[in-house]
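Each remark here refers to the structure printed beneath this line.
The values are calculated or read from the model by the stated rules, or taken from the named source; none is laboratory data. The model shown is predicted, which means the values in this text are computed figures rather than measured ones. Heads up, the Cβs are rebuilt from the backbone with ideal geometry, glycines too, and the neighbour counts pull from every protein chain shown. Ligands, DNA and RNA are stripped out before the accessible areas are found, and what is left, the full protein with its side chains, is counted by its heavy atoms. Shrake-Rupley method; radii C 1.70, N 1.55, O 1.52, S 1.80 Å.
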Amino acid sequence: MSQPALTVYSLPPQLPTNPYLDRLYAPMAAYAVLVRRGRPRAELPHALLGAGPRILHLHFFDELTQHPNATQAAARSIAFLALLAALRARGVRQVWTAHNLQ
């Protein structure tokens, strides 16, 4: 199998009650784009350590940052920002699609 022209990491990987991500990513295979939609704990390290052109496509990331305990929520948010900075330093482009603005 040849190297993909681009690898996209979706966060979240699935929207169980909404077909948006399925419809967005399905046509990309025709353009040699590999879309990785596994669990974030597996995919984010791969994005960080991988090679070639990579994009982290953020949709909703509250699952990674929110917590009932305010201290835990702050720590998770800081860790997430550090991860985004590390990904950027490794050349991973980041796209954030802001949904439900109203």
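Just to verify a result, which residue in segment 47-63, among those that are more than 20 Å from GLN3 (Cβ to Cβ) and touching a strand residue (DSSP E or B) at 6+ places or on another chain (Cβ under 8 Å), is surrounded by the fewest Cβ atoms within 10 Å (Cβ to Cβ)?
In the first step, residues of segment 47-63 are kept if they are more than 20 Å from GLN3 (Cβ to Cβ); the result is 58-63.
Then keep just the ones that are touching a strand residue (DSSP E or B) at 6+ places or on another chain (Cβ under 8 Å); that gives 58-61.
Working: LEU58: 16, HIS59: 18, PHE60: 13, PHE61: 17.
Of everything passing the filter in segment 47-63, PHE60 is surrounded by the fewest Cβ atoms within 10 Å (Cβ to Cβ).
Check whether at least one residue in segment 67-78 is open to solvent by 30 Å² or more (accessible area, probe 1.4 Å) and closer than 17 Å to VAL95 by Cβ, and report yes or no. Show your work before the answer.
Our first condition is that a residue be open to solvent by 30 Å² or more (accessible area, probe 1.4 Å); within segment 67-78, this holds for 67-72, 74-78.
Keeping just the survivors that are closer than 17 Å to VAL95 by Cβ gives none.
No: segment 67-78 contains no residue that is open to solvent by 30 Å² or more (accessible area, probe 1.4 Å) and closer than 17 Å to VAL95 by Cβ.
Specify which of the listed residues (LEU21, LEU44) is open to solvent by less than 50 Å² (accessible area, probe 1.4 Å), assigned to a helix (DSSP H, G or I) and either in contact with a helix residue (DSSP H, G or I) (Cβ under 9 Å, 6 or more places away or on another chain) or of a type in the set (Ser, Thr, Tyr) (or both).
Within the list LEU21, LEU44, the selection yields LEU44.
Could you tell me which numbered condition GLY52 fails, if it satisfies all but one of (1) touching a Pro at 6+ places or on another chain (Cβ under 8 Å); (2) in a strand (DSSP E or B)?
Failing condition for GLY52: (2).
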